[in-house]
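The values are calculated or read from the model by the stated rules, or taken from the named source; none is laboratory data. Just so it is clear, the structure is predicted and the values come from calculations on it, not from any experiment. Glycine gets a Cβ as well: all are built from the backbone with ideal geometry, and neighbour counts include every protein chain shown. The protein model used for the area step is the full one, side chains on, heavy atoms only, and it has no ligands, DNA or RNA in it. Shrake-Rupley method; radii C 1.70, N 1.55, O 1.52, S 1.80 Å.
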Amino acid sequence: MPRSSQITYRQIMRMFREESKQRAEEAAQYKQQRAEEAARYEQQRAEAEARYEQQRAEEAARYEQQRAEAEARYEQQRAEAEARYEQLKADLAAQEAERKKEEAERKKEEDERRKEEAERKKEAEARYEQQRAEAEARYEQLKADLAAQEAERKKEEDERRKEEAERKKEADKRQKDLDRQISKLGNRIGELIEHLTASNLLDKFRALGYNFTRTSRRHILADERKQRYAEIDLLLENGEFAMVVEVKSLFTLGDVKDHVKRMNILREYADQHNDPRSYRGATAGAMFDQKAREYALSCGFYVIEQSGDTVEIQQ
């Protein structure tokens, strides 16, 4: 080890003496600080006591001054209250005198009003008698007018009934003519079905993607107990589709609605008999009511209409 890094005994003793001297100086400083703090504390305590005594004396002086001022204000307010009371008594006396004067004037006005009311009542009674007489006269005139109007109404009613009877007679005649025409049309349904079967109807549907392999007319669906479910005028079938064609000479809106119900019944019948085919509806006729045509198309039905020797299909 080098010589410069070794600490000798003298150096240790010198360091110890310096540290002891420093501690003694610090102890002396600490005692001096404590003495100074004690002196400052005594001085501050004395000053605080002096300030307390001074503040107490000032508070006592202020209290005496405030008490004197409060007594002076009380005396002033009492005097003002007494003055207001006297003024109030005078005002009340004046108001009472004014009230009595106004009361006397109101009584006088009330007497005059009652007098005027009696005069108005007398005049009103006279007007009432006059109006009653006029009303009775108007009532008698009104009875006469109503009697005349009733006679005129009965006359017009008789004429209207006569015209109604004539219109009913004419309507009955038109109904009979219509029944005869419908009967003739009904006889043509069989002819129309024959025409649809003999025409190129299958070719028309084949052009729409339906390759029907079987056709049947007047097809009746019934259950095991021979209970009829529905009757189909013309049925076109294959393994995938069944086209149910309702045929009418004249198709109406009610006929289309009946065919909607028929299609629902057929779908139920097919489900009960495990028939998975898709049932499609079609309406065929020689003539179509416009509303029936529009409703049939909106229901997804094909509309088959006779056109010369062939048929046209709308969808």
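Brief remarks on what is shown
- Rounded to the nearest 10 square angstrom, residue 302 shows an accessible area of 20 square angstrom against a 1.4 Å probe.
- Computed FRET value (nearest 0.05) for residue 119 with residue 143, which takes r as the C-beta separation and R₀ as 25 Å: 0.10
- Distance between the C-alpha centres of region 95-113 and region 223-254: 104 Å, rounded to the whole angstrom.
- For region 1-96, the carbon plus sulfur part of the accessible surface works out to 52%, probe radius 1.4 Å.
- In the distance distribution for the chain, Cα-Cα pairs more than 37 Å apart total 71 percent.
- Exposed loop positions in the chain were taken to be trypsin sites (Lys or Arg not before Pro) whose DSSP state is not H, G, I, E or B and which have at most 12 other beta-carbon atoms within 10 angstrom. Between these positions, the longest stretch is 1-224.
- Antiparallel DSSP beta bridges within region 206-315, percent to nearest 5: 55
- Under a Gaussian network description of the chain, with springs only between Cα atoms under 10 Å, the residue in 232, 304, 12 that fluctuates furthest is 12.
- Cβ-placed point charges (K, R +1; D, E -1), dipole of region 194-315 about Cα centre in debye, nearest 20: 180
- Each Lys or Arg adds one and each Asp or Glu takes one away; over the other residues whose Cβ falls under 11 Å from the Cβ of residue 98, this sums to -2.
- Distance in nm between pseudo-label sites at residue 104 and residue 307 (7 Å out along the Cβ direction from Cα): 11.4
- Among beta bridges that DSSP assigns inside the chain, antiparallel share in %, nearest 5: 55
- For the chain, built as a Gaussian network whose Cα springs stay under 10 Å, the top-fluctuating residue of 284, 68, 144: 68
- Distance from the C-alpha centroid of region 42-93 to that of region 122-136: 84 Å, rounded to the whole angstrom.
- With K and R counted +1 and D and E -1, the other residues having a Cβ less than 13 Å from that of residue 110 yield a net charge of -2.
- Sequence-distant lysines (8 or more away, or on other chains) whose Cα lies within less than 20 Å of residue 100: 89, 108
- Computed lengthening from residue 241 to residue 161, 0.36 nm per intervening residue step minus Cα-Cα distance: 22.9 nm
- Potential lengthening between residue 153 and residue 27 on full extension [0.36 nm per residue; Cα-Cα distance subtracted]: 31.3 nm
- The helix-based estimate of mean residue ellipticity at 222 nm for the chain, built from -39,500 (n - 2.57) per DSSP H run of four or more residues and divided by its residue count, is -27000 deg cm²/dmol to the nearest 500.
- The long axis of helix 253-272 is offset from the longest Cα principal axis of the chain by roughly 80 degrees.
- For the pair residue 127 and residue 215 in one chain, pulling the backbone fully straight at 0.36 nm per residue adds 22.1 nm over the alpha carbon distance.
- Of 77, 66, 22, the one that fluctuates the most in a GNM where the chain has Cα springs shorter than 10 Å: 22
- Solvent-accessible area per residue for the chain (1.4 angstrom probe, square angstrom): 79
- Charge tally in the Cβ shell below 14 Å around residue 134, where Lys, Arg are +1 and Asp, Glu are -1, residue 134 excluded: 0
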